[in-house]
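Below is one structure, written out as structure tokens, with a few remarks after it.
The values are calculated or read from the model by the stated rules, or taken from the named source; none is laboratory data. The model shown is predicted, which means the values in this text are computed figures rather than measured ones. Note: ideal-geometry Cβ built from the backbone for every residue, glycine included; neighbour counts use all protein chains shown.
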Amino acid sequence: MGTDIVLVAGAVLLGLCVGSFLNVCILRLPRDESLMRPRSTCPHCKQPIAWRDNIPVFSWLWLRGKCRWCRNPISKQYPLIEALVGVLFGASLLAYGMTLHAVAAALLGTLLLGIAITDARHYIIPDEFTWGGLVIGLLLALGGGVNGFLQALLGAAVGFVLLWLVGMAGTWVFKEEAMGGGDVKMMAMVGSFVGWRACCSLCSPAPRWARSFSSRCRSRRSDSCRSGYSSRWVRSWRSCSVMRSLPGTGIFSRAIKSDG
Ligand SMILES: [Zn+2]
């Protein structure tokens, strides 16, 4: 389909920068800190990180994963997330061309990645990802006119209600809270991107069981469970399972009816 190699490279570079911003979100949103200031510092020696040491992926490789000043290691998570989002942006452009679909795919993937990691690390899904993502999903759907917008709105409503019902059923079966509010909001956000039909197939049994299981761990708040690696991975798999099931749902074909 002849997407220009320069365009793909541009998309990857943009993705690297968005990934760098996603790192800031993952670090600061759970702590309710501003995303803009103060400037990023080394967690060990508190030296501000200069722009030349803040170039996505390349700076980390150049400094061999160590702080320029104190030589303490810098987490691999930073370059990994930057690279992942870069690949995601490039792949979205290759899959959908220069369309709103590509923008939606790239942003939804970025949001889900942020949710997966924040959820695995802090057991919360920040509203900025869910409500903020919902607004982005609805705005992008405007590209498909009034009908596209209504489809996205319906998708959000179905996602919200469907997961809320699953949560209620889980609570009834397990006799304890089976679904957090963040999960329900996340599904509303996903619904605004993929439309109601895809939303229904995303709430298929496999991810649902993972959600119930992991939420049961969370609601118990037992230390063994909270610190347990297995439950951590089940939790992040929960968000990943949504990501994994996305390609099979005819993603974006309903919510966004722009041509391209
Ligand atoms: Zn340092």
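Residues that are of a type in the set (A, V, I, L, M, F, W, C), under 24 Å from LEU113 (Cβ atoms) and surrounded by fewer than 14 Cβ atoms within 10 Å (Cβ to Cβ) within region 33-50 comprise LEU35, MET36, listed in sequence order.
Of the residues making up region 159-190, just one is at pLDDT 80 or above and acidic (Asp, Glu), namely ASP183. Whenever a residue of region 44-58 is farther than 17 Å from PRO73 by Cβ and at pLDDT 90 or above, its partners that are outside any helix (DSSP H, G or I) and within 15 Å of the ligand (Cβ to nearest atom), lying with C-beta atoms within less than 6 angstrom and at least six residues away or across chains, give the pairs PRO48/ARG39; PRO48/THR41.
Output the number of residues of region 62-105 satisfying the condition of being farther than 26 Å from LEU138 by Cα and either under 19 Å from the mean Cα position of the chain (by Cα) or not assigned by TED's automatic domain parsing to the domain that holds ARG52 (or both). So the answer is 6.
Just one of the listed residues (PHE160, PHE129) is without any contact (Cβ under 8 Å) to a residue 40 or more places away in the chain, buried (at least 20 other Cβ atoms within 10 Å of the Cβ) and not assigned by TED's automatic domain parsing to the domain that holds VAL6, namely PHE160. The set of residues in region 51-109 being within 16 Å of the ligand (Cβ to nearest atom), buried (at least 20 other Cβ atoms within 10 Å of the Cβ) and part of a loop (DSSP other than H, G, I, E, B) consists of ILE74 alone.
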